[in-house]
Amino acid sequence: MFSWSQYVQVWNAFFFSPEPVATLCVVRILLGLLIMMDGWIHWQFRKVFIAPDGVLSVAAFNKIYGRSRFTLFNLLPETQGSVDAVMALYFLSGFLMALGVGAPYCFAAAWILAVSLHHRSICFMSGGDSLLRIVLFLMCFSYAGAGLSVDAWLAGRGVFESLWISAPPWCTRLMQIQLALLYFRAVAFKMQGPAWRNGTAVLYAISNKNYQMWTIPQWLQSRGGIAIATYFTLIVEWSFAVLIWIRELRPALIVIGLLLHLGMEITLNLQLFSWLMMICLLLFVDPQFTLWIAEQLAGNPQHQQAVVLEGNVSYIVVNTFIALYVFYAYIWNAPDNTVLKPLVALIRPAVKYWGLWHSWSMFAPTLFSVTRSVELEVHFEDGEVVVWKPDFHSGMSRLQRFRHERFRKMGENCREGEFEYVRWCLCEYVIRQMRREHGNDRKITKVTLHHVDEPIADFNTTLESDLSIRRTLHYTYTVT
């Protein structure tokens, strides 16, 4: 049996034994570049998703969420200028992160801006967006700006030389724990779905036209190839939840995990999700390996191995924060039958308010057996019917589909679940668009929302009629 002092020793060694900041600094740069890309994508469609009269208008947002979600837009004038300013600052925060200017304040700014944008367009976000917010939150407490940064250069430590600076890695450990729990949650959800258990799940993912980016080789579409890909995904995700903590296995698992998400990026339209996951996987890279790469690139710079950064916050406060965060991360991801799961209800308001919630399950537990889309019919009083579709379809180029991925999410959220309100929000948005195009003189009587489902051919499909497109009326919005 371990004594209490031995538990404390293991805890301190894991969270506080100083290690070089090299890997964390590389992650900071890549994360900053990803935020810039995310800002660029948001900017192009800000008038659809974030503008005061967008799909989720200010009036609709206030009606549904009130002040239960933090967003800077609650404090700013309800104008397009406010939207443009916040988005420009979000892009700038990513740029400053990549350069390493003003850390950790630029990390805090990036987190606050990301929460503001994501909450303002909450019904178009995905699990990857929630992970980004959590990582940015934890980066606020890190030493990610200590090396390979403008801050290091201004402090006279040298840009490359500062990579050898060491610091307590407790913040990195929390990000690693969070990532491992997310993988564990994903596997647990997947195992509830019959398609994952019988080895056919990947077929539905790669055959869904909403996600499909490339034509999949025929050999991979065979029953054997699909089964291998399905169980390989489960094994890799489980390994990152459990086996990643075994040092000897870690390098191989990192490479395999990077290949898995690179394969997902090539075959599936997940926008920035795969890139975010690959960046987060790098958190497990041994800092000594990162330093070895730095030596090759910089020509053996002068090391500063003797420098160890120490935080200004007391040991007790940091340990309390670590314990509370680990407890929160555990119960939030724990199965519903866990004894402590009811405690989630106590922390949910605060977690939701600050954007620290996540709902990542990745094609689980049940995958769509159809390619889903929506169409809206605008009925005018004179009898004319105009069809409106979200700006996302399989005929787009790969770049267009990458940029327009939020429209797919919007269409899916019109179906059911937490974001059912998107149905009437989307109808009101389309009415506003039609009035701009046709004028207010032409009276609109109603808008009907239709589901369009194109079945995915699986190993049980025998008749061509099984693949016929189905169009069903789902919702009617009457204009009064």
Inset, instruction - Determine the pairs where a residue that is closer than 17 Å to TYR204 by Cα and in the same structural domain as LYS209 (by TED's automatic domain parsing), located within region 258-269, has a partner that is basic (Lys, Arg) and crowded, with 21+ Cβ neighbours inside 10 Å with Cβ atoms under 6 Å apart, the partner being 6 or more residues away or on another chain. - result: ASN269/ARG401
Inset, instruction - Among what's in region 12-27 and is surrounded by 24 or more Cβ atoms within 10 Å (Cβ to Cβ) and out of contact with any helix residue (DSSP H, G or I) (no Cβ under 6 Å at 6 or more places or on another chain), pick the residue that is farthest from LEU272 (Cα to Cα). - result: VAL21
Inset, instruction - Taking the options ALA114, ALA108, name whichever one is out of contact with any helix residue (DSSP H, G or I) (no Cβ under 8 Å at 6 or more places or on another chain), of a type outside the set (Ser, Thr, Tyr), modelled with pLDDT of 90 or more and closer than 30 Å to ALA60 by Cβ. - result: ALA108
Inset, instruction - Give me the pairs, please: first residue somewhere in region 336-349 and more than 17 Å from ARG185 (Cα to Cα) and assigned by TED's automatic domain parsing to the domain that holds GLN192, second residue anywhere and surrounded by 12 or more Cβ atoms within 10 Å (Cβ to Cβ) and modelled with pLDDT of 85 or more, beta-carbon distance under 7 Å, and either six or more positions apart or on two chains. - result: LEU343/ILE331; ILE347/TYR328
Inset, instruction - Looking for whichever is surrounded by 23 or more Cβ atoms within 10 Å (Cβ to Cβ), of a type outside the set (Gly, Ala, Ser) and assigned to a loop (DSSP other than H, G, I, E, B) here; the options are LEU203, LEU182, LEU148. Which one fits? - result: LEU148
Inset, instruction - Report yes if some residue within region 130-141 is over 16 Å from the mean Cα position of the chain (by Cα), part of a helix (DSSP H, G or I), surrounded by fewer than 23 Cβ atoms within 10 Å (Cβ to Cβ) and in the same structural domain as ARG28 (by TED's automatic domain parsing); otherwise report no. - result: no
Inset, instruction - Give the residues of region 385-416 that are surrounded by 11 or more Cβ atoms within 10 Å (Cβ to Cβ) and modelled with pLDDT of 85 or more, sorted by residue number. - result: VAL386, TRP388, LYS389
Inset, instruction - Write out, first by first residue and then by second, each pair whose Cβ atoms fall under 8 Å of each other, whose residues are 6+ apart or on separate chains, and whose first residue, in region 142-155, is under 8 Å from ALA103 (Cβ atoms) while the second is of a type in the set (Asp, Glu) and surrounded by fewer than 24 Cβ atoms within 10 Å (Cβ to Cβ). - result: GLY145/ASP151
Inset, instruction - Considering only residues that are aromatic (Phe, Trp, Tyr) and assigned to a helix (DSSP H, G or I), look in region 60-93 and name the one that is farthest from TRP354 (Cα to Cα). - result: PHE91
Inset, instruction - For region 237-279, enumerate the residues that are acidic (Asp, Glu) and touching a helix residue (DSSP H, G or I) at 6+ places or on another chain (Cβ under 8 Å). - result: GLU237, GLU265
Inset, instruction - Give LEU72, LEU56 a once-over and let me know the one that is in contact with a Ser or Thr (Cβ under 7 Å, 6 or more places away or on another chain), closer than 23 Å to LYS409 by Cα and either buried (at least 17 other Cβ atoms within 10 Å of the Cβ) or hydrophobic (A, V, I, L, M, F, W, C) (or both). - result: LEU56
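To keep it simple, each residue is scored yes or no on (1) modelled with pLDDT of 90 or more; (2) of a type outside the set (Phe, Trp, Tyr); (3) surrounded by 15 or more Cβ atoms within 10 Å (Cβ to Cβ).
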site	(1), (2), (3)
PRO301	no, yes, yes
ALA306	no, yes, no
VAL313	no, yes, no
PHE321	yes, no, yes
TRP332	no, no, yes
ASN337	no, yes, no
PRO342	no, yes, no
ALA345	no, yes, no
Inset, instruction - Determine whether region 155-163 contains at least one residue that is of a type in the set (Ser, Thr, Tyr), out of contact with any strand residue (DSSP E or B) (no Cβ under 6 Å at 6 or more places or on another chain) and modelled with pLDDT of 90 or more. - result: no
Inset, instruction - Tell me, yes or no, whether region 219-229 has at least one residue that is buried (at least 19 other Cβ atoms within 10 Å of the Cβ), within 21 Å of ASP458 (Cβ to Cβ) and of a type outside the set (Gly, Ala, Ser). - result: yes
Inset, instruction - Determine, yes or no, whether LEU96 is modelled with pLDDT of 90 or more, aliphatic (A, V, I, L, M), assigned to a helix (DSSP H, G or I) and within 18 Å of LYS352 (Cβ to Cβ). - result: no
Inset, instruction - Consider PHE402 carefully, then state whether it is touching an Asp or Glu at 6+ places or on another chain (Cβ under 6 Å) and outside any strand (DSSP E or B). - result: no
Inset, instruction - Could you tell me which residue of region 11-29 is farthest from the chain's Cα centre (by Cα), considering only residues that are assigned to a helix (DSSP H, G or I) and closer than 11 Å to LEU148 by Cβ? - result: ALA22
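The values are calculated or read from the model by the stated rules, or taken from the named source; none is laboratory data. Computed from a prediction, not measured in an experiment: that's the story for all the values here. We place every Cβ from the backbone using ideal geometry, glycine too, and count neighbours over all the protein chains shown.
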